[in-house]
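J.: Just dropping this structure here.
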Amino acid sequence: MEPAGEFYRMENGGDQSKKAAMGKESWNNGIRTAQNMSNSLLRKKSDPLLVSKLRFQMLRQFLANLQEVILGTKLAVLFPAIPLAIAADFYNFGRHWIFALSLLGLTPLAERVSFLTEQIAYYTGPTVGGLLNATCGNATELIIALFALYRSKIHVLKYSLLGSILSNLLLVLGSSLLCGGLANLKKEQRYDRKQADVNSSLLLLGLLCHMLPLMSRYAAAPGVLIADSTLQLSRASSILMLVAYIGYIIFQLKTHRQIFDSRQEDEEEEEEEEKAVIGFWSAFSWLVGMTLIIALLSEYVVGTIEAASESWGISVTFISIILIPIVGNAAEHAGAIIFAYKNKLDISLGVALGSATQISMFAVPLCVVVGWIMRVRMDLDFSLLETASLALTILVVAFTLQDGTSHYMKGIVLCLCYTAIAACFFVHKIPAPLDQTNVKLGLKPSTGISA
C-alpha cells in the first residue's frame, strides 16, 4: 500500500501513517456501525500499482481515487445506468425508462455514500464519524422524500418512507433469519437482545406518534373539521420524535455504545479492509458530488413515478412501498443476509433495526418539520391501512426477537408477512387525497378531513 500512502501525504499535508493509525483506532473503537460493515461486503480491493507508474502526480492521485470510489464496489456494473438516465431525460425517452434507470443508478450510489462517510470518519474521530453515519445512513430515502415534499407529492413521500420501514423489519430481517437459519442448522444462532430492545422501544414510540393523529381524526365528532389540529399534533409529535432520536444517538455513540458494538470474529481477515484508502478532502469532494447525483436521480424518480405506474399497470402505492425500498437498499440488504449466513446476527439486526429506527424517528419527523418550514401540509397521519400495517409489523418483529435466539422458521414468518402486505398494496390501489398532495399552508383546501 505504499503508493496509496504517497497520495495520503500529498492530499492531507501530513504523515499518512500517523493519520491512518489515529483514524483506525478511533473509528473502529465501537463506532463502525452494522450498516458500514454490511456494505463493506460488496467492496473490492483495488491494486494501486495500476496507477503508480504514471508520471503526473495530480493525474495519478485522481485515477487512484477514481479506482477506489467508482471501481471499488461489486455494484460498479450499475453505474452506467446514471448517464443512461440523464440521456433518457435529455432525449425525451419514455418516462418509465427514466424511472427504471434512475432507480438502478441509486443502488451503487447508496453503497458508495456509506463507503465515503466511513473514509471521512477515519479522519474526523469517532463522535463526528458516528454522527455522519447516523445522518447519511439512509441518505437515498431521505433525499427522495425531500424531493417528493418539494413537489407536494405527500402520498409518495409517506409511502416510500413507510415502505423503507416495512422492508427493513420484514424483508431484510426475515431474509437474514431465514438464510442464517438454513446455513447454520446445526448451530444455535444467538444475538444480543439489548440492541433489539432499544430499537423496538423507539419504533413503538414512533408508532404511537403515528397513531395519535389517526385516532384523533376518527374520534372527532361528525362534521367537525380537524385537519388543522391534526397537523399541529403531528408537528408537536415530530419534535418529540427528533428529541428522542437525538437521545438515541447520544445513547449509541457515548453512554452505551458497547451495546451497539458490532462483533467481529475474524479481525485479521478484515484488517486490510478497515484502513482508509483515500484522503479526507477527496472523500469529502466525492461525497458532495455523489450526493448531488443522488439528488438528480431522486428528482427523476419522483417526477416519473406516475408515468411508470401507468406504463407498467402497477399502482403508485405498490411502487413506492415495495419497489423503491427494495432497489434503493439492495446493497445494504445483501450485506445483512451475508452476515446472517456467517452466523453474525448482531450485525444483521443492527442493519435492519437500525435503518428502520432511523427512518421512523429521524426521516419522517424531519420531513414534517421541513414541510412546516416550506408551508406544506405534511403530517403523521398515514391513513388506516398503512398505520395498521406498520403497527402489526412492529408487534410481530418485537415478538420474534424477544428470546434472543433465531432459527429459519422466524425468517419464514417475517418474509410471509411482508409478502402478504405487498399483495395487499398491490390489489388495493389507494387514491392520493387531494388535501395531502397539492395543498399548502396559505391555500384553502378543497375538502376538509372529517370524522
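J.: Report yes if residue 348 is outside any loop (DSSP other than H, G, I, E, B), closer than 18 Å to residue 333 by Cα and among the polar types (S, T, N, Q), otherwise no.
T.: Here the answer is yes, as residue 348 does meet what is asked.
J.: Among the residues of region 285-332, write down those that are surrounded by fewer than 17 Cβ atoms within 10 Å (Cβ to Cβ) and among the aromatic types (Phe, Trp, Tyr).
T.: 312 - this is the single residue of region 285-332 that is surrounded by fewer than 17 Cβ atoms within 10 Å (Cβ to Cβ) and among the aromatic types (Phe, Trp, Tyr).
Residue by residue, here is whether (1) polar (S, T, N, Q); (2) open to solvent by less than 50 Å² (accessible area, probe 1.4 Å); (3) closer than 20 Å to residue 307 by Cβ holds:
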residue	(1), (2), (3)
61	yes, yes, no
72	no, yes, no
75	no, yes, no
86	no, no, yes
91	no, no, yes
100	no, yes, yes
107	yes, yes, no
110	no, yes, no
118	no, yes, no
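J.: Turning to a different aspect of this structure: Is it the case that residue 371 is out of contact with any Gly (no Cβ under 7 Å at 6 or more places or on another chain), modelled with pLDDT under 90 and crowded, with 24+ Cβ neighbours inside 10 Å?
T.: No, not satisfied.
J.: Which of the residues spanning region 383-420 are open to solvent by 30 Å² or more (accessible area, probe 1.4 Å), more than 15 Å from residue 182 (Cβ to Cβ) and either part of a helix (DSSP H, G or I) or of a type in the set (A, V, I, L, M) (or both)?
T.: Passing the criteria: 384, 385, 388, 392, 395, 396, 398, 399, 416, 417, 419, 420.
J.: Tell me yes or no: at least one residue of region 374-382 is at pLDDT 90 or above, open to solvent by less than 10 Å² (accessible area, probe 1.4 Å) and charged (D, E, K, R).
T.: So far as region 374-382 goes, no, none of its residues is at pLDDT 90 or above, open to solvent by less than 10 Å² (accessible area, probe 1.4 Å) and charged (D, E, K, R).
J.: When you go through (1) within 17 Å of residue 414 (Cβ to Cβ); (2) in contact with a Leu (Cβ under 8 Å, 6 or more places away or on another chain) one by one for residue 361, which number turns out not to apply?
T.: (1)
J.: For residues in region 169-192 being part of a helix (DSSP H, G or I) and hydroxyl-bearing (Ser, Thr, Tyr), which is nearest to residue 406 (Cα to Cα)?
T.: If we filter region 169-192 for residues that are part of a helix (DSSP H, G or I), which is where we start, we get 169-183.
Among the residues that remain, those that are also hydroxyl-bearing (Ser, Thr, Tyr) are: 175-176.
On the way: 175: 12, 176: 10 Å.
If we take residues in region 169-192 being part of a helix (DSSP H, G or I) and hydroxyl-bearing (Ser, Thr, Tyr), then 176 is nearest to residue 406 (Cα to Cα).
J.: When you go through (1) at pLDDT below 75; (2) surrounded by fewer than 18 Cβ atoms within 10 Å (Cβ to Cβ) one by one for residue 134, which number turns out not to apply?
T.: Condition (2) is where residue 134 drops out.
J.: A further question on this structure: Could you count how many residues in region 353-368 are in contact with a helix residue (DSSP H, G or I) (Cβ under 6 Å, 6 or more places away or on another chain) and open to solvent by 20 Å² or more (accessible area, probe 1.4 Å)?
T.: 1
J.: Between a residue in region 85-103 that is within 12 Å of residue 300 (Cα to Cα) and any residue that is of a type in the set (Asp, Glu) and buried (at least 18 other Cβ atoms within 10 Å of the Cβ), which pairs come within a Cβ distance under 7 Å, given they are 6 or more apart or on different chains?
T.: 98/89
The values are calculated or read from the model by the stated rules, or taken from the named source; none is laboratory data. Note that the structure is a prediction, hence the values are computed from the model and not measured. With ideal geometry, Cβ positions are generated from the backbone for all residues, glycine too; neighbour counts draw on all protein chains shown. Side chains included, ligands, DNA and RNA excluded: accessible areas come from the protein's heavy atoms. Shrake-Rupley method; radii C 1.70, N 1.55, O 1.52, S 1.80 Å.
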